[in-house]
């Protein structure tokens, strides 16, 4: 149970609410980046429900949730209202056993029995961090959260705060960029605020005048392009650092926005210097005068670090922490994609399922550390150079899988199975005891009756357990032979 935390004073709550209301996040439409964040939280922490909540004066409002039909709650019922009072994750293994929540209707209806949440902060006008809500996951049954889960929750909460800050800064930059073309008063003050926002968020503003094809950049865009501040290049020169595919996307969005007077918001690859690829975000709105688009005004942001963090989180969500290969969720997706490729390209595909023999005995006799070493070594075997064209995964405790698309291996399934079984056999020694670790392999080819990944897996599973029964029979015959001798 998490330690009790002091209540928020009325003054502190007013400061917190002022910060929340200034963000213009309450009662807004769903946004893709927040929806993706909660989906990632649910997947990484293995919970059926994940939420990004904002704690208003009398209610808990849900900015993003999975599933996406979750109802808002009165503040006094919300677990997240307790979370924002602390600065560390609040983890409740069983709400029914926690005096704070045992009588809560959500607990009594078994809607929430497990809860883990981390407060989300935003910066107020004085530069102070204010808790505005929480990122949380819940389950309908009691459970616990290990150290890796807590670390993941902290990283995801940091990403949520970064997304909120970037959203607010980007929206402010767009408003300032548009207003700067219309206002002549307070120019110095606005320019100082805008330049500060550019530096903090790695953002620059730009304007493209359609009549004279003139492109104007702020200092921030020059910085992203790694060019000295000076004459703004032509539109053609400005497009040069985009790789061909990204350039096509940018040009198409640019032309569409001019033709229709609409806006765009895209993330594409960018390379200001050879060998240093980056990711950038470009947002723009049409400057329309008397019904005619006269210019495009927008912002340009370097999002390389944020993009790398998102990729790292996705990789973590798809990777088995012990072996370093794909986990079950990633395997299911990769197998479905491999089957689609095999069917569309009319080429063979193999699925090898591997079940370790004697693993329970190793765990029980030599300890879990020895068992973990066995699992790590299996991961190394399945990523050997000769299997470079295959996709390995750990799909259960001592169960592994291998998706085989390599043009040479797919034509020799029996040889593949024998070679894998040879590579998976070795001695394990600990505490003066030596045991043998081995694996049984079942290899199946994709057939016309495999209409789904489940069908394909069932076919390989049937072959695997036929091989295990055959191996067990051989051992019994050998034991009888030895007894007779």
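The values are calculated or read from the model by the stated rules, or taken from the named source; none is laboratory data. Keep in mind the model is a prediction, meaning the values are calculated, not measured. All Cβ positions, even for glycine, are placed from backbone atoms using ideal geometry, and neighbour counts span all protein chains on display.
Entry remark, region 334-373: residues being over 20 Å from residue 418 (Cβ atoms) and touching a helix residue (DSSP H, G or I) at 6+ places or on another chain (Cβ under 6 Å) number 6 in total. Checking each residue in region 263-276 for being at pLDDT 90 or above and either surrounded by fewer than 19 Cβ atoms within 10 Å (Cβ to Cβ) or touching a helix residue (DSSP H, G or I) at 6+ places or on another chain (Cβ under 6 Å) (or both) picks out 263, 264, 265, 266, 267, 268, 269, 271. Across region 32-53, not a single residue is classified as in the same structural domain as residue 150 (by TED's automatic domain parsing) and over 21 Å from the mean Cα position of the chain (by Cα).
Looking at region 102-111, can you tell me whether even one residue there is assigned to a strand (DSSP E or B) and either over 18 Å from residue 141 (Cβ atoms) or not assigned by TED's automatic domain parsing to the domain that holds residue 18 (or both)? Checked region 102-111: no residue is assigned to a strand (DSSP E or B) and either over 18 Å from residue 141 (Cβ atoms) or not assigned by TED's automatic domain parsing to the domain that holds residue 18 (or both). Tell me yes or no: at least one residue of region 119-139 is without any contact (Cβ under 8 Å) to a residue 60 or more places away in the chain, closer than 18 Å to residue 49 by Cα and in a strand (DSSP E or B). Yes; the residues of region 119-139 include at least one that is without any contact (Cβ under 8 Å) to a residue 60 or more places away in the chain, closer than 18 Å to residue 49 by Cα and in a strand (DSSP E or B). Put simply, of 7, 48 the only residue that is surrounded by fewer than 16 Cβ atoms within 10 Å (Cβ to Cβ), under 16 Å from residue 116 (Cβ atoms) and in contact (Cβ under 8 Å) with a residue 12 or more places away in the chain is 48.
Table: residues versus (1) in contact with a strand residue (DSSP E or B) (Cβ under 6 Å, 6 or more places away or on another chain); (2) at pLDDT below 60; (3) surrounded by 19 or more Cβ atoms within 10 Å (Cβ to Cβ).
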{"site": "190", "(1), (2), (3)": "no, yes, no"}
{"site": "204", "(1), (2), (3)": "yes, no, yes"}
{"site": "212", "(1), (2), (3)": "no, no, no"}
{"site": "227", "(1), (2), (3)": "no, no, no"}
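Please find, within region 251-273, the residue that is farthest from the chain's Cα centre (by Cα) out of those that are without any contact (Cβ under 8 Å) to a residue 24 or more places away in the chain and within 22 Å of residue 227 (Cβ to Cβ). Looking at residues that are without any contact (Cβ under 8 Å) to a residue 24 or more places away in the chain and within 22 Å of residue 227 (Cβ to Cβ), I get 251.
When the criteria are applied in full, residue 280 meets the requirement of being part of a strand (DSSP E or B) and either buried (at least 18 other Cβ atoms within 10 Å of the Cβ) or on the phi > 0 side of the Ramachandran plot (or both).
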